[in-house]
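What follows is a set of notes on a single structure, which appears directly below.
Computed from the coordinates by the stated procedures, all read-outs in this text should not be read as laboratory data. Predicted model only: the values in this text are computed from it and were never measured. Cβ atoms come from the backbone with ideal geometry, glycine included; neighbour counts cover every protein chain shown.
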Amino acid sequence: MHCKTLCAMALAVAWCAPLPVRAQDAELGKIREEIRQLKDAYERRIQGLENRLAEAESRAGKAERSAARAETAVAQPGIPAGGENAFNPAISLILQGTAARSSQDPETYRISGFAPSGGEVAPASRGASLGESELVVTANIDPYFRGLLIAALTPENEVEVEEAFFQTLALGHGLTLKGGRFLSGIGYQNEVHQHFWDFQDAPLAYKAFLGGRQNDDGVQLKWVAPTELFIELGAELGRGRSFPSTARSRNAAGAWTLFAHVGGDIGTSTAWRAGLSHLRTSPRDRAFEDVDSLGNPVAQSFSGTSSLWIADFVLKWAPGGNSALTNFKLQGEYFRRSESGALTYDDSTQVVPQFGTPINAGYASRQSGWYLQGVYQFMPRWRFGYRYDRLNFGSVDNGIVANGLGPVGGDFPLLMAGHRPARNTLMFDWSPTEFSRIRLQLASDKSRFGLTDNQALIQYIFSLGAHGAHRF
Amino acid sequence: MKRLLSIAQLALLAAAFPAAAALNVFACTPEWGALATELGGDRVSVYTATTALQDPHRIEARPSLIARARSADLVVCTGAELEIGWLPLVQAQSGNPKIRVGQPGYFEAAGHVPLLERPARIDRSMGDVHPGGNPHVHLDPHNIARIALALGERLAKLDPGETAYYSRRAKIFLDRWREATARWERDAAPLKGASLVVYHRNLTYLIHWLGMREAGSLEPKPGLPPTTAHLSELLASLRQNRARAIVRSAYNDPRAAEWLAERAAIPSIQVPFTVGGSDKAKDLFGLFDDTLARLLAVAQ
């Protein structure tokens, strides 16, 4: 085969070479002949090596020999396995679980001062509980597309599609198009799979502003610039199926995002990435339950536009860039959301309602939040980390209260609690290999107005099967 | 900021008007970067993704790698799953179809040499084993020669107007390499039969080439850090069968090796492992010169 290529090359050269070059033909021919001889010599050596190897194998163990041969033949690069299995996708499985205790009941978890996101944002359940088991199936579809499915088997015995998308392989020019359900490229942590997070749960800002994370149904177009500095621009159009948007029947996109990331190295020891992202949605009747000042249930809902900005950065350091022994990771994100539209207050489901009919008025809010976390691997396998979370209530302009339509500030204990939630989290984990991790996490969580929730948990994360590559 | 912008502009310009260097080569590890430079000369511009001081098993798909892969015409890697933890992501995220697996722009060195230690059975309980065999192929100069032949052909295929140029460089390199190999084999004669304790099984091809023996590894299983229990076992077995030296690569933690060396009373040495792993390992020739010199120093 090599010879054929060489001959073809030789022909091509002879054909295309302008006249003066032909004079060197003799010399070239000589070179080629010598290369051919070299190749022959090496091929003989390869043969010799293989013979030696076969000898060693036969000495190694007679009983296993034939089976081993059959299997090693499969493993030989360049000779793919045959049969129906040959095109099986890569499959991996993530197993996780927690044992937790907390001073406040996770069932009553809320972030005072912020509209509930309806996502899975509560801390780990008390006692032992299974986390989501994730099944990941991925393969190239054809020369043009790659496909991936992540199905989460929830501890409630349900199956959720976390991600299911196709991605183009051959667009070129740095472009990649993705379609289906996928983790949005906004922010930094959003695209990191949960089993690879450095803490068991999401930062408060992700819980309050994205309901844990943004994974919408839609399309994403990304472009990487042909520069030495990493520059990536992306845009997504989506259905807006979940908080901060609401799913609805509409012949248009319900959410769109824009994001830009830049990154590079500082010397050999440090790598960094920073980004700016924007998410814009227009929720309709985004409803949640609250209680009025007497403690009776009311329904509230918001319709309008929601716009979120995220600034993120991550910096990874390891001595000489060798992360095997020690390494440090610093990560932080800042969220800023403004919403404007109308709020509806409805206590008509009460037996003896104060107002009885839905009350509707203008509503606008500007709220923000951030977190900063550092994780240090101080020796192989062992890491500890600290995270500080903070949300700022900001300004909320509630027309129902301001215009004296009836309900007062005390009737909006969730939306109008001028509270600045904060949380301190400590983490300590041990990873015997890259496929297993056991973590101890302690947190003091002031998400609820006037209450401190002290949490402690042990978590395990195991991954089986195909070796996945992890994002930076 | 101004500087960033001008860097970006320059890079954009560079992309818009391909420079004289015809091929952008992205080498996963220093040895392949050095080989591409030998074979491609000034027709290639080589970017090496990792250094000799970095454990090749623990590289991350950092942004700079994605940016470099974006403009690469050829990715030269080891293969045999050595880069499985980061390269697939870099390939996917760069949006560069030229360097996908199976394309001419993707070159796997391990595909051109016979692999040793192909496991008959694979299971993660055996540690970080590579199903295709041991991927650290570059410390046998005959492997380098085989890979050089194949890589030379690949360069010529990607830069078809310059076939003669690459053929000539391949010949010059291989002539020098053949001479050097003969010299190394002559000089290394005293090493034959010597038994070595390694850190990770990344010197297998070197040991095989020179007819040495591996008396054990500091890692209890491939990829797992040394443990006291395992080192004690190793120490006991070394008291029965003495080894010539404990050999570790430039990127390995020296502590375990020194612990064992002191108790077993055998020397512990560091070899460059790849180009850049020592002051003298400036290129592939220097790599082998220095590796043999360090081994011979403890063999006498």
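Taking the C-alpha atoms only, the angle from helix A:2-16 to the longest principal axis of chain A is near 90 degrees.
With contributions of -39500 (n - 2.57) from each DSSP H run of at least four residues, the per-residue ellipticity at 222 nm computed over chain A stands at -5500 deg cm²/dmol. Taken over chain B, the alpha-carbon convex hull comes to 145 cubic angstrom per residue. If you take the square roots of the eigenvalues of the alpha-carbon gyration tensor of region A:193-300 and sort them as a ≥ b ≥ c, do you get rounded (a/c under 1.5), prolate (a/b over b/c) or oblate? It comes out oblate by the Cα gyration axes. Please give the helix A:62-75 orientation as an angle from the longest Cα principal axis of chain A, in degrees from 0 to 90, rounded to the nearest 10. Roughly 70 degrees between the two axes. Rounded to the nearest 20, the size of the Cβ-charge dipole of the protein assembly as shown about its Cα centre is 1620 debye, with Lys and Arg at +1 and Asp and Glu at -1. Ranked for footprinting exposure by Cβ neighbours inside 10 Å, fewest first, A:Met416, A:Met379 give A:Met379, A:Met416.
Would region A:96-212 count as rounded, prolate or oblate if I go by the C-alpha gyration tensor, calling it rounded below 1.5 in a/c and otherwise prolate when a/b exceeds b/c, oblate otherwise? It is prolate, given that a/c is not under 1.5 and a/b is the larger ratio. Taking a straight Cα-Cα cut-off under 19 Å and skipping sequence neighbours fewer than 8 places away in the same chain, the aspartates and glutamates within cross-link reach of B:Lys192 are B:Asp140, B:Glu214, B:Asp289, B:Asp290. Its residue count N sets the reference 2.2 N^0.38 Å, and the alpha-carbon radius of gyration of chain A equals 1.29 times that reference. With 0.36 nm allotted per residue and the present C-alpha distance subtracted, the A:Leu130-A:Ser436 stretch has 108.6 nm of extension available. Based on Cα atoms of region B:60-110, Rg over Rh with Rh as the Kirkwood radius reads 0.92. Taking every alpha-carbon pair in region B:189-299 and binning the separations at 5 Å intervals from zero gives 2, 13, 24, 26, 20, 11, 4, 1 percent.
Remark: B:Lys280, A:Lys207 ranked as B:Lys280, A:Lys207, counting other beta-carbon atoms within 10 Å and listing the fewest first. Amide H contacts under 5 Å for A:Val298: A:Asp290, A:Val291, A:Asp292, restricted to partners 5 or more places along the chain or on a different chain, H placed in the peptide plane at 1.01 Å from N.
Listed by chain and number, the lysines whose alpha-carbon sits under 30 Å from that of A:Lys329, ignoring those within fewer than 8 places in the same chain, are A:Lys178, A:Lys207, A:Lys222, A:Lys316, A:Lys446, B:Lys2, B:Lys221. For region A:148-157, the Karplus equation 6.51 cos²θ - 1.76 cosθ + 1.60, evaluated at θ = phi - 60°, returns couplings of 8, 10, 10, 9, 9, 8, 7, x, 7, 6 Hz by residue, with Gly and Pro reported as x. With the convex hull of its Cα atoms as the shape, region A:289-407 has an orientation-averaged projected area of 10.5 nm².
Using only Cα atoms and rounding to the nearest 10 degrees, what angle (0 to 90) does helix A:25-60 make with the longest principal axis of chain A? Orientation of helix A:25-60: about 70 degrees from the principal axis.
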